[in-house]
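Next up is a structure, given as structure tokens.
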Amino acid sequence: MDLAGRIAAIKQRIEASCARAGRATDSVMLLPVTKGQPPEVIDEAARLGLSLFGESKVQEAKAKIPLCPSRLRWHMIGHLQTNKCRDAVALFEMIQSVDSLRLAQEINKQAEQAAKRVPILLEVNAAGEASKFGYRPEQLLAEVTQINALPRLEVRGLMTVPPWSPEPEKTRVVFRQVRELKARCEEVLSGALPELSMGMSGDFEVAIEEGATIVRLGTVLFGERQKTA
Ligand SMILES: *Cc1c(COP(=O)(O)O)cnc(C)c1O
């Protein structure tokens, strides 16, 4: 199947998952993930109507984005180091991978210097995997008020990368925990957090059934990617 066919098939699967969950089709946004993909692939996706893309490394994005059509918009979805915040604020429309108060404060500082407001998601490591970045739930609840008070940041919701499993049904419980954690954050903040970024190529249908509003899809759209350092 070519890229046009894969995009159409994915959109159908998203629609079907929404229907199963009794949700509106437009309540889920597809974020195509282009890490490890060359600009030609992104150009083709753009010609087919996609305009928002996810990248996981600032360095790769900084080299690639200037080679892509300038009308495209980008989300940062990978671990961000404080010394890359200036570039991240310049390159990305949203940073989905905020996992500490220190990082949030640095993004806030760079946003101030760039005279911008930056929408962010807080990344949760719900299963407590040592190999993953992201907040433990208790830590997030302890810091969310301080992060939300940073004047240049707009906390829009939560993001998670669950433990890998060959059976997406096994991941359902993690997606549910993150949805419940979002509800607890909303109570703490006394305000709505509209976004839940969860679901990748292997498990996005279950994620949608559990409330995902953004699904981040790489392999299922673009095939295997080149390994990046
Ligand atoms: C690579 C990546 C994805 C996409 O993964 P696929 O399994 O290829 O769909 C989604 N989210 C994050 C944070 C990633 O790094």
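A short reminder: the numbers here are calculations on the coordinates, not readings from a lab. All values derive from a computational prediction rather than experimental measurement. Note that each Cβ is placed from the backbone with ideal geometry, even for glycine, and that neighbours are counted across all protein chains shown.
Gap in Å between the Cα centre of the range 30-62 and the Cα centre of the range 100-122?
Each part's Cα centre sits 23 Å from the other's.
Here is a further query. Where does the longest stretch of the chain lie that holds no GluC sites (Glu not before Pro) found in a DSSP loop with 15 or fewer other Cβ atoms within 10 Å?
130-223
Near LYS11, which aspartates and glutamates are there with a Cα under 13 Å away, not counting those fewer than 8 places off in the same chain?
ASP26, GLU205
OK, next. Over 5 Å intervals from 0, what percent of Cα-Cα pairs in the chain sits in each interval?
1, 7, 15, 19, 20, 18, 13, 7, 2, 0
If I stretch the segment between ALA114 and GLU93 completely, what's the gain in nm (0.36 nm per residue apart, minus their alpha carbon distance), one decimal?
6.3 nm
Which residue, ILE65, ILE77, ILE214, tops the fluctuation ranking in a GNM of the chain built on C-alpha contacts under 10 Å?
Looking only at ILE65, ILE77, ILE214, the largest GNM fluctuation is found for ILE65.
If you don't mind, there's one more thing I want to ask. Where Rh is the Kirkwood radius over the Cα pairs of the range 1-58, the temperature 10 °C and the viscosity 1.306 mPa s, what D in µm²/s does Stokes-Einstein return?
Rounded, D is 126 µm²/s.
Whole-Å semi-axes of the range 19-137's equivalent ellipsoid, largest first, each the root of 5 times a Cα gyration tensor eigenvalue?
One finds semi-axes of 23, 21, 14 Å for the range 19-137.
If you don't mind, another one. Helix-only estimate, please: 222 nm mean residue ellipticity of the chain, summing -39500 (n - 2.57) across DSSP H runs of length 4 or more and dividing by its residues, to the nearest 500.
Result for the chain, helices only: -13000 deg cm²/dmol.
Now, a different point. Which translational diffusion coefficient, to the nearest whole µm²/s, is obtained for the range 67-145 from the Stokes-Einstein equation, given a Kirkwood hydrodynamic radius over C-alpha pairs, 20 °C and 1.002 mPa s?
For these conditions, the coefficient is 161 µm²/s.
Would you mind ranking ASP87, ASP26 so that the residue whose beta carbon has the fewest other beta carbons within 10 Å leads the list?
Neighbour counts put them in this order, fewest first: ASP26, ASP87.
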